[in-house]
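Notes follow once the structure below has been shown.
Each reported figure results from applying straightforward, stated rules to the coordinates on display, with no laboratory input. Fair warning: this is a prediction, and the values are worked out from it, not measured in the lab.
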Amino acid sequence: MTALGFLYPGHAAEDDYPRMEQLLGSDVRLAVVHTDIGEDAHRVDALLEMGSAERLEAGVEELRLSGAEAVVWACTSGSFVRGWQGAHEQVRGLARSAGLPASSTSFAFAHAVQEIGATRVAIGATYPEDVAALFAAFLKEAGTEVVAVSASGVVTAAEVGTWEYDQVLALARDVDRPDAEAVLLPDTALHTVAHIPDLEKELGKPVLTANQVSVREALRLTDRRVNAPRLGALFTREPIVQA
C-alpha cells in the first residue's frame, strides 16, 4: 500500500481525488486534508496568504496521522505566485514541517511536461491575466516554451468548481495551437479527472490537469509508477530518459 497526502485549499474539486484513487487501483490511497483558504480570490496578495507556511503547517499533523509517505500542496496558483525560488522555499518548508518528501502542483506541472517529452505547451487558465502570466513565467523557468496562454478571468475557486465538461473543453480548445505539444489546465478547483480521455481525444494530444499532475507528483516522490489509461497520456507513457 502506498499512501499519498495532499493539502487542498478549501472546497471545490476535491472529489477528483477519490475518483483518481479508484482509477489507480487498490494499493494506492489518497488522503486529502483541507487547508484554510482565507479569502477565495485569484489575486496575488490573497494567493500568497493562502499558501503561507502557517496555513500549510496547520494541516500537516492530520496528514502524518493518515500515514502519508509524501505530501503535495495541491494548489497551483498558491505556489507559482511566489516565483521559482519562492515556490522552492515553500516546498522545503513544507517538507521540514511534515518530515516527508514534499512538492506542489506547480512543480508537478513542470515535471509532468518533462515526463511526456513536451517542450512547447499551451495554458488554458481559469485565472485573471496577471495570474496566468505568472504561471507561464514559472514554466519558462522550468525550461518549457509557452506558445499560448488563455485567461478566463474567474476570480474565485468556488465559481471554477461549478464548471462542467463543455466549459472545460471550450477552455482547452480555445488555447490549443498546432505547435503546442500539450495543453495545460492549471487550476485544482477545476473538475477534470472524469474528462481527461475525452479532452485528449478531442485535441489529439496530451492534456495535463492540476489534480491529475498532483497525484503523479506524489507517486514520483514515492518512486511509484502506476499505469492508469483513464487518467490520460501522463499515466500511460514510459518516462522520457534524458540523454
Next on the checklist: Report D for the range 97-154 in µm² per second (integer): Stokes-Einstein, Kirkwood Rh on Cα pairs, 25 °C, 0.890 mPa s.
Outcome noted: 200
Next on the checklist: Please check: in the Gaussian network model of the chain (C-alpha springs, under 10 Å), which one of Q90, Q212, Q22 has the largest mean-square fluctuation.
Outcome noted: Q22
Next on the checklist: Taking a cut-off of 17 Å, what percent of all Cα-Cα pairs in the range 109-209 are separated by more than that?
Outcome noted: 45
Next on the checklist: Roughly how far apart, in whole Å, are the Cα centres of the range 147-163 and the range 195-238?
Outcome noted: 21
Item to check | Cα convex hull of the chain, projected area averaged across orientations, nm² | outcome: 11.3
